[in-house]
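Structure first, commentary second.
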Amino acid sequence: GDLKQALIFAQRALTHKPNYLDPLLLIGHIYTHSKEYDKARTAYQRYIDVQAQYDPTSEKDNIILVNPDSRATAFYGLGLIAEIMDNPLEARRDYAKTIELNPDYLDVQKRISSLEQNAVERNEDFAHGTKYLNEQNFQSAEEHFLIALDKSSNKRRMTLEIAQKYFDYSRYGEAAKFYQMCLDTNGQDAAILNDLANCHFKLKEFDKALG
């Protein structure tokens, strides 16, 4: 009952002021509590997009904003939803944005550690690959990552996990290879293309990054 009433008030506020940041964030929270995750994700993303355009100096309405910049909260909400929807890579990406915006935000480091642990538990060969990567034994790392990929029931996700792991260890050439592998196998994806471009930038391959 309370959630329904809160949603009505928030939506009513947006009819008067479509870019009103507080109700946009509130709607994300309400839909998350209601387990309407697609709607929650849309609301959080809308808050992030509107906040990016927000200019307090041009504010004409006499309103007090509680959340003039709560992008960290919105990204954290997106991360939680991604976890619930069993998309650990997307969750890690959202949590990384949370930390970038607010390094002290809640328990986001615990959530990232939990995701890492789950990834390790899911695939022993992936864990061995990570261990060899940490020891700078790059040949053994790749051998185990490829075994992990071969055994995985979700090739796309495992390919991305491997690419992300290489990126985390600043092995941008290998990361680019696995991002490209994912694109070749699964078709174009804006987020993966962006990650691949980041690798090329890190490698100073600017023609490929902009290509």
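Remarks
- For the chain, the longest principal axis of the C-alpha atoms and the axis of helix 37-53 are separated by about 80°.
- Helical contribution to [θ] at 222 nm, DSSP H n ≥ 4, -39,500 (n - 2.57), averaged over the chain, rounded to 500: -24000 deg cm²/dmol
- Residue separation of N198 and L210 scaled by 0.36 nm, minus their Cα-Cα distance, works out to 3.3 nm of gained length.
- The slack in the chain from N67 to M85, taken as 0.36 nm per residue of separation less the alpha-carbon distance, amounts to 3.8 nm.
- In the calculated pair-distance distribution of the stretch 83-174, the portion above 23 angstrom amounts to 24 percent of the Cα-Cα pairs.
- Inter-part distance, the stretch 158-211 to the stretch 63-123, computed on C-alpha centroids, equals 22 Å.
- Cα convex hull of the stretch 141-191, projected area averaged across orientations, nm²: 3.4 nm²
- Nearest 10 degrees, 0 to 90: helix 172-186 Cα axis against the chain principal axis: 70 degrees
- Accessible surface area normalised per residue over the stretch 61-211 is 56 Å², counting heavy atoms of protein chains with a 1.4 Å rolling probe.
- Both numbers refer to the Cα atoms of the stretch 28-187; Rg and Dmax are 18.7, 62 Å.
- Helix 124-134 axis, angle to the chain major axis (alpha carbon atoms, nearest 10°): 80 degrees
The values are calculated or read from the model by the stated rules, or taken from the named source; none is laboratory data. All values derive from a computational prediction rather than experimental measurement. Quick note on the areas: whole protein, heavy atoms, side chains included, nothing else; ligands and nucleic acids left out. Shrake-Rupley method; radii C 1.70, N 1.55, O 1.52, S 1.80 Å.
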